[in-house]
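The values are calculated or read from the model by the stated rules, or taken from the named source; none is laboratory data. Because the structure is predicted, anything quoted here is derived from the model rather than measured. Counting neighbours? That spans all protein chains shown, and the Cβs are built from the backbone with ideal geometry, glycine included.
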Amino acid sequence: MQTVTIRAAGGELNPLIPHPVEMVLALVFFGILFLLVKKFVVPSFEATFAERTQAIEGGLAAAETKQAEADAKLAELEQQLADARHEAARIREEAREQGAQIVAEMREQAQAEASRIVDAGKTQIEAERQQAVISLRSEVGALATGLAGRIVGESLDDEARQSRVVERFLAELEAQSGSGVN
């Protein structure tokens, strides 16, 4: 092959200007390489890009679905928490009411017990007073009959007479104490 070299005006080769054959060969090889890349390499790149795009879009859709599920679950948990808080407040209120009711019942029981004790005490005091009055009447009666017998000079051992004298004496004492108070 013969090489044609283009020489510059002074006869030297110009390194900036390529040979026309080299330019044609470069264009042919570039065209062949372009067609090969376009036919074999570009479709596989495009298929890979399409797969990646689908995978990314599927991942985004799955992420959106998971986010929606998580939001729904969060809303459900918040509702359960609110329900639990309401239930706790209701239970506290019921406990408060039961406590107040128990306190009221205990007060009623204590007042009833106090009233019962007071009534029992009054009954016992009245019984003891009655016993004391009976005991005093018999003692006062015995003393009065003994004293009256000494004053009168005769024996007042008769039971009926003795009780009449005692009753009359006590009635006079009560009349004197009643008029002395007024």
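Kindly indicate which of Ile102, Ile134 is modelled with pLDDT under 90 and surrounded by 10 or more Cβ atoms within 10 Å (Cβ to Cβ).
Within the list Ile102, Ile134, the selection yields Ile134.
Could you give me the residue pairs with C-beta distances under 7 Å whose first residue belongs to segment 116-138 and is closer than 20 Å to Arg164 by Cα, whose second residue is at pLDDT below 85 and assigned to a helix (DSSP H, G or I) wherever it lies, and which are 6+ apart or on separate chains?
Arg137/Val166; Arg137/Leu170
With the structure loaded, tell me whether Arg85 is out of contact with any helix residue (DSSP H, G or I) (no Cβ under 8 Å at 6 or more places or on another chain) and either in a helix (DSSP H, G or I) or surrounded by fewer than 10 Cβ atoms within 10 Å (Cβ to Cβ) (or both) or whether it fails that test. Reasoning before the result, please.
Details: out of contact with any helix residue (DSSP H, G or I) (no Cβ under 8 Å at 6 or more places or on another chain): yes; either in a helix (DSSP H, G or I) or surrounded by fewer than 10 Cβ atoms within 10 Å (Cβ to Cβ) (or both): yes.
In short, yes.
Those residues that are more than 60 Å from the chain's Cα centre (by Cα) and surrounded by 10 or more Cβ atoms within 10 Å (Cβ to Cβ), I need them from segment 41-68; list them, please. Talk me through it step by step, then tell me what you get.
Step one: of segment 41-68, the residues more than 60 Å from the chain's Cα centre (by Cα) are 41-47.
Passing the criteria: Val41, Val42, Pro43, Phe45, Glu46, Ala47.
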